[in-house]
1. Would you confirm whether or not segment 72-90 contains a residue that is within 24 Å of LEU18 (Cα to Cα), over 20 Å from the mean Cα position of the chain (by Cα) and among the small types (Gly, Ala, Ser)?
2. Answer yes or no: is there a residue in segment 265-282 that is farther than 27 Å from THR206 by Cα and either open to solvent by less than 60 Å² (accessible area, probe 1.4 Å) or at pLDDT 95 or above (or both).
3. State yes or no: is LYS306 open to solvent by 50 Å² or more (accessible area, probe 1.4 Å), more than 15 Å from ASP237 (Cα to Cα) and basic (Lys, Arg)?
4. In segment 200-227, how many residues are among the hydroxyl-bearing types (Ser, Thr, Tyr), farther than 30 Å from SER303 by Cα and either near the ligand (Cβ under 7 Å from one of its atoms) or in contact with a helix residue (DSSP H, G or I) (Cβ under 8 Å, 6 or more places away or on another chain) (or both)?
5. For segment 26-54, name all the residues that are touching a strand residue (DSSP E or B) at 6+ places or on another chain (Cβ under 6 Å) and open to solvent by 40 Å² or more (accessible area, probe 1.4 Å).
6. Please state which of the following conditions TYR299 fails to meet, knowing it meets all the rest: (1) in contact with a Gly (Cβ under 6 Å, 6 or more places away or on another chain); (2) away from the ligand (no atom under 16 Å from the Cβ); (3) closer than 30 Å to VAL172 by Cβ.
7. Residue by residue through segment 171-199, note down the ones that are within 30 Å of GLY75 (Cβ to Cβ), surrounded by fewer than 20 Cβ atoms within 10 Å (Cβ to Cβ) and within 14 Å of the ligand (Cβ to nearest atom).
8. Tell me, which residue of segment 166-190 that is of a type in the set (S, T, N, Q) and outside any loop (DSSP other than H, G, I, E, B) is nearest to LYS42 (Cα to Cα)?
Amino acid sequence: MKVLVTGGAGFIGSHTCLELLKAGHEVSVVDDLRNSHPESLKRVEAISGKSLRFYRFDAADEAQLEEVFAQGEIGCVIHFAGLKAVGESVRLPLEYYANNIGTTLALCRVMKRRGVFRFIFSSSATVYAPGSPMPVAETAPLGCTNPYGWTKLMCERILTDLAASDPRFSVVLLRYFNPIGAHASGRIGEDPAGIPNNLLPFITQTAMGRLRVLQVHGNDYDTPDGTGVRDYIHVTDLARGHLSALDYSLTHTGCEVFNLGTGRGYSVLEIISVFERVNGVKVPYTIGPRRPGDVGTVYADPSKAKDLLGWQAQLGIEEMCRDAWRWQKGNPNGYLSHKGA
Ligand code: UD1
């Protein structure tokens, strides 16, 4: 099938493009590269031995989307493009609402006009209201603590209402837990701009010596060692989850939501210790205060995805840590490490 992937040059997008190509799909990517690098797509092509089409523009641009759709027979849209930094979203809420909701609306309008009805949306476990019992199932109460999270929840709402209004639509909402790791080749991976916000890129850059010390954000949570517990999932497993969602959309209409997680939580100190052990490196760290907005424990109930999508995570925490390090070591400055950059 011909699949349009917005944000395909980013971390999860590039890994999903690779799995799509490997499965024999045709891939067209729309990405304005504001937060990503075209080298990721070149490497996706090199690893898969297949080519994709790349269009560089903002996915909110309906006129340009129309041109891409006019080139023929798109069967499904997978929508990753979006702003995703929680702290930045608190400072720049209007940018976040305009961008994240604007792209989703533009895609929906063009899809309806062009008769394309399969939509897979990149959502986040951040839509679950703090304080939900763990593991968190799709039926748990929803609510966010920052504009980034609200944009995800609002897009979910828009897509749910769209599917309810037009029975031809098949919408799959995927709520990711904490994606980490990198493709086993070490050639594509996470390449955050500036100082990373998320734990794993901070760990890999500290292990490299690019950052001096990791600050553990609090050790007084109600968890076995006091540090935050999260459901880390290998980005390749996550990417494969999109292929399962695509298969599902072939035989179902309406709107369905799925958690993509492993169902197992690890603390910050456990992650550091696994990372050090499997990679034979040191990660200097200090204990700091809690990060505002963080909660103690989040992990998924992934049983719905197993039952209905036939998907479950295959790769464990050791593979996640090993693959993240292989990518970082081989690309000390991310995609800028490469000569042509
Ligand atoms: C964060 C976002 C979430 C987003 C997700 C994307 C917040 C509050 N939440 O989730 O909305 O969907 O990223 O991947 O930002 N930690 C440290 N030191 C660090 C960085 C993190 O101790 O330098 C800890 C955190 O306190 C947390 C765990 O590591 O316990 C994971 O943090 P992170 O990778 O930022 O993910 P989340 O906070 O779960």
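The values are calculated or read from the model by the stated rules, or taken from the named source; none is laboratory data. The shown structure was predicted, so the numbers you read here are calculated from the model rather than taken from an experiment. As a convention, Cβ positions derive from the backbone with ideal geometry for all residues, glycine included, and neighbour counts pool all protein chains shown. Quick note on the areas: whole protein, heavy atoms, side chains included, nothing else; ligands and nucleic acids left out. Shrake-Rupley method; radii C 1.70, N 1.55, O 1.52, S 1.80 Å.
1. yes
2. no
3. Working: open to solvent by 50 Å² or more (accessible area, probe 1.4 Å): yes; more than 15 Å from ASP237 (Cα to Cα): no; basic (Lys, Arg): yes.
Judged against the criteria, LYS306 is not a match.
4. Result for segment 200-227: 1.
5. GLU26, ARG53, PHE54
6. Of (1) in contact with a Gly (Cβ under 6 Å, 6 or more places away or on another chain); (2) away from the ligand (no atom under 16 Å from the Cβ); (3) closer than 30 Å to VAL172 by Cβ, only one is false for TYR299: (2).
7. Of everything in segment 171-199, nothing turns out to be within 30 Å of GLY75 (Cβ to Cβ), surrounded by fewer than 20 Cβ atoms within 10 Å (Cβ to Cβ) and within 14 Å of the ligand (Cβ to nearest atom).
8. Ranking the qualifying residues of segment 166-190, first place goes to ASN178.
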